[in-house]
Amino acid sequence: MLSSGPSITEAFTEKFEKLFPSWPMFVATLVSLVLVLIILWYFLYKPVKKAIKQRQDYIQSNIDQAEQANVSSQELLAKANMKLLNAHDEARNVVKDAKHEGEKVLVTYLEKAKRESKRIINEAKADVKLQKQELLEENQKHIAAAAAMLSRKILKEEVNSDIENKIIDEFLKGE
């Protein structure tokens, strides 16, 4: 089977030569590619890498600040809770002290009221005793006067006031 056309190796060589038309063109393209890659590296990769690094540093800085703020807020919260507990304890102590003080004041006022009531009762008893004594003396004088009048009427004689006073005094002393 011989064909009049080119052989396989020749066809392959021809296609390969079409892919790479010439070595100088290939080298020039390769050099251009390397130059473009270097330029892209210098103008694109480094600034992008630098911007990404700055962004990472910024984000890390924010994370660190947030963690620090969280730690400080936890400390402040713990301090606030301690102050709150201390305030509750202090309030309980104040209420307890006020209750004890109130009880002392109550006892003091009760004792004062008892003393005052005893004093008033004693004064009232003394006043009643004095009024009773005065009433008895007044009644005795009335009785003596009534007795003298009655005796005058009975005797129908006149008794002078000196004798009358003497009789009244003897009567009062006799009782």
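Bear in mind that the values in this text are calculations on the coordinates, not laboratory data. Quantities reported herein were computed from a predicted structural model and do not represent experimental measurements. Neighbour counts are summed over all protein chains in view; Cβ atoms, including those assigned to glycine, are modelled from backbone coordinates with ideal geometry.
Under 20 Å of direct C-alpha separation, and excluding same-chain neighbours fewer than eight residues apart, LYS18 reaches no lysines at all. Distance between the 7 Å Cα→Cβ label points at LYS173 and ALA51: 13.9 nm. The largest-to-smallest principal axis extents of the Cα set in segment 1-125 are 164, 40, 14 Å.
Here segment 57-87 is scanned for amide nitrogen atoms under 20 Å from the site 7 Å beyond the Cα of LYS96 along Cα-to-Cβ, giving 82-87. Given the options VAL94, VAL105, VAL36, which has the most mean-square fluctuation in a GNM of the chain, springs set between C-alpha atoms less than 10 angstrom apart? Result for the chain, Cα springs under 10 Å: VAL36 fluctuates most. Output the 0 to 90 degree angle, nearest 10, between the alpha-carbon long axis of helix 8-19 and the longest principal axis computed from the alpha carbons of the chain. Around 50 degrees separate the two axes.
Anything over 30 Å Cα to Cα? Flag those among LYS125/LYS173; LYS129/LYS173; LYS132/LYS166; LYS118/LYS173, in the order listed.
Numbers: LYS125/LYS173 26 Å; LYS129/LYS173 20 Å; LYS132/LYS166 25 Å; LYS118/LYS173 35 Å.
In this structure, LYS118/LYS173 lie more than 30 Å apart at Cα.
Straight-line cross-link reach from LYS104 at under 20 Å between alpha-carbon atoms covers these lysines, not counting any fewer than eight positions away in the same chain: LYS96, LYS112, LYS114.
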